[in-house]
Each structure stands twice: as structure tokens, then as C-alpha cells.
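Just below is one structure, and these are the notes that go with it.
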Amino acid sequence: MPLWNENAVAVERRSGESVIIGEGTLAALVAGLQTLRANALNGVRVFMPDRHVPPFTFEGQGLVELLKDARRPDAHPTKLLAPVVT
């Protein structure tokens with residue numbers, strides 16, 4: 001459970017730069033990301049800047065698995081800056 005309460009940041013690569021699209025607890029951020037279409041997750045990376053032990057980052061298949069994790073506690077979804085869909 002402590003993992004879900006840690007601060008997390010979601011970033012997306014846009015024109016070669018990392019743009020923050022959301023931040024909050026990992027549980028709230030994942031709840032927000034679950035509202036996006038699967039193809040909108042391409043290029044999105046979630047990292048926990050204050051975490052001192054792995055895992056520090058989720059992206060690609062690791063992010064997909066995190067979104068499916070049934071152990072995530074209920075949380076109010078973080079409002080996201082809409083990712084760019086290419």
C-alpha cells in the first residue's frame with residue numbers, strides 16, 4: 001500500500017521535450033491515466049521522484065501492468081493535461 005501513496009509524476013515526450021501531464025499520489029495518477037485511451041499512453045512515463053528503492057519508473061508494458069493492478073486503492077483521479085496522440 002505505501003507505494004500507492006507515494007508522489008508520482010507522469011511525463012510525455014513532446015517535440016523532443018518531457019512535458020508533465022499530471023502529478024499526485026501514484027494511486028490518483030494511475031486512476032487518471034486509466035481514463036485515457038490505450039494509444040494515448042505511448043510515450044508516457046510515470047516516475048516517483050522521492051522514492052529511494054525500486055521501482056522508480058513505469059513506462060511501456062510496465063505502465064500497462066500498473067494500470068491493471070487490482071491492488072490499487074480507490075483514489076480520486078488526478079486531472080491530466082491531455083497527452084498528444086500521434
Check your understanding: So, in nm, how far is label Glu65 from label Lys79 when the simple model puts each one 7 Å beyond its Cα toward the Cβ?
Key -> 3.4 nm
Exercise for review: Would you rank Lys79, Lys68 by solvent-accessible area, highest first, keeping every protein chain in place and using a 1.4 Å probe?
Suggested key: Lys79, Lys68
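Rounded to a whole number, what % of the accessible area of the chain do carbon and sulfur atoms account for, probe 1.4 Å?
Numbers: 2860 of 5270 Å².
Summing carbon and sulfur atoms, their accessible area is 54 percent of the total for the chain.
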Check your understanding: From the phi of every residue in region 52-63, what ³J(HN,Hα) in whole Hz does the Karplus formula 6.51 cos²θ - 1.76 cosθ + 1.60 yield, where θ is phi - 60° and glycine or proline is x?
Key -> 9, 9, x, x, 9, 9, 10, 7, x, 5, x, 5
Revision key, fill the gap. For the chain, Rg(Cα) over 2.2 N^0.38 Å is 0.99
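Could you work out the relative contact order of the chain? I mean the mean sequence separation of Cα pairs under 8 Å and 6+ apart, divided by the number of residues, in percent.
37 percent
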Check your understanding: What is the local net charge at Trp4, summed over the other residues whose Cβ is closer than 11 Å to its Cβ (Lys, Arg +1; Asp, Glu -1)?
Key -> -1
**Study point:** Vicinal HN-Hα couplings computed from phi for region 19-34 (Karplus, 6.51 cos²θ - 1.76 cosθ + 1.60; Hz; Gly/Pro x)
**Key:** 10, 6, 10, x, 8, x, 5, 4, 4, 5, 5, 5, 4, x, 5, 5
Revision key, fill the gap. Taking Lys and Arg as +1 and Asp and Glu as -1, residues besides Ala31 with C-beta under 14 Å from its C-beta add up to +1
**Study point:** List Thr25, Thr78, Thr35, ordered by accessible area with a 1.4 Å probe, largest first
**Key:** Thr35, Thr25, Thr78
Point to revise | Formal net charge of residues neighbouring Arg72 (Cβ-Cβ distance under 15 Å; K, R +1; D, E -1) | key: -2
Study note, to complete from the structure: With +1 at each Lys and Arg Cβ and -1 at each Asp and Glu Cβ, the charge dipole magnitude of the chain around its Cα centre, to the nearest 20 debye, comes out at 180 debye
Exercise for review: Would you mind listing how long region 1-48 runs along its three principal axes, going by Cα atoms, in whole Å with the largest first?
Suggested key: 35, 21, 11
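The values are calculated or read from the model by the stated rules, or taken from the named source; none is laboratory data. Because the structure is predicted, anything quoted here is derived from the model rather than measured. Glycine gets a Cβ as well: all are built from the backbone with ideal geometry, and neighbour counts include every protein chain shown. Each accessible area value is taken on the protein alone, full model and side chains, heavy atoms only, with ligands, DNA and RNA left out. Shrake-Rupley method; radii C 1.70, N 1.55, O 1.52, S 1.80 Å.
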